[in-house]
Amino acid sequence: MTASGYTADADTIVNNLVQVYGAQSATRITVTTPFQAFSPFVAQQVRQLNGVFIVGGDSDRLHILRLLRPFGIDSFVLSAVKSVLTNGGMVAGNSGIMVMILVLIYV
């Protein structure tokens, strides 16, 4: 899932998940606006996954927090990410964003 403008990084990660790490498939879902974060359609796409990898950098931490949990309320997409984890899936991200992912999921 791309939560920022890191499209080249996201494309590389999607390709590596399949070609290097053996995933059966990988899909890039871009969430860069509140409209996307609260879209039932996008949330359903996320819910159907068995793993989520969030791409972002150090400068994106507050942006991702404000995007996925504005005003302290979980967006539909964040709820979907949590459901992937609850159902035994994997939730991960690059090093620049992992701390924020942990905060979003567990706090």
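The values are calculated or read from the model by the stated rules, or taken from the named source; none is laboratory data. Here the structure is a predicted model, which is why all the values come from computation and not from measurement. All Cβ positions, glycine included, derive from the backbone under ideal geometry; neighbour counts span all protein chains shown.
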Restricting attention to helices (runs of 4 or more DSSP H) lying wholly within segment 26-107, give those where 3 or more residues are modelled with pLDDT under 85.
61-68, 98-106
Name every residue in segment 68-95 that is among the hydrophobic types (A, V, I, L, M, F, W, C), more than 21 Å from residue 23 (Cβ to Cβ) and out of contact with any Leu (no Cβ under 9 Å at 6 or more places or on another chain), in order of residue number.
71, 73, 76
Of the criteria (1) on the phi < 0 side of the Ramachandran plot; (2) modelled with pLDDT of 80 or more; (3) surrounded by fewer than 13 Cβ atoms within 10 Å (Cβ to Cβ), which one residue 8 fails
(2)
Any residue at all in segment 20-32 that is surrounded by 15 or more Cβ atoms within 10 Å (Cβ to Cβ) and in contact (Cβ under 8 Å) with a residue 40 or more places away in the chain?
yes
With respect to residue 33, is the statement that it is of a type in the set (Ser, Thr, Tyr) and farther than 26 Å from residue 23 by Cβ true?
yes
Looking only at segment 33-53, count how many residues are without any contact (Cβ under 8 Å) to a residue 40 or more places away in the chain and closer than 20 Å to residue 83 by Cβ.
10
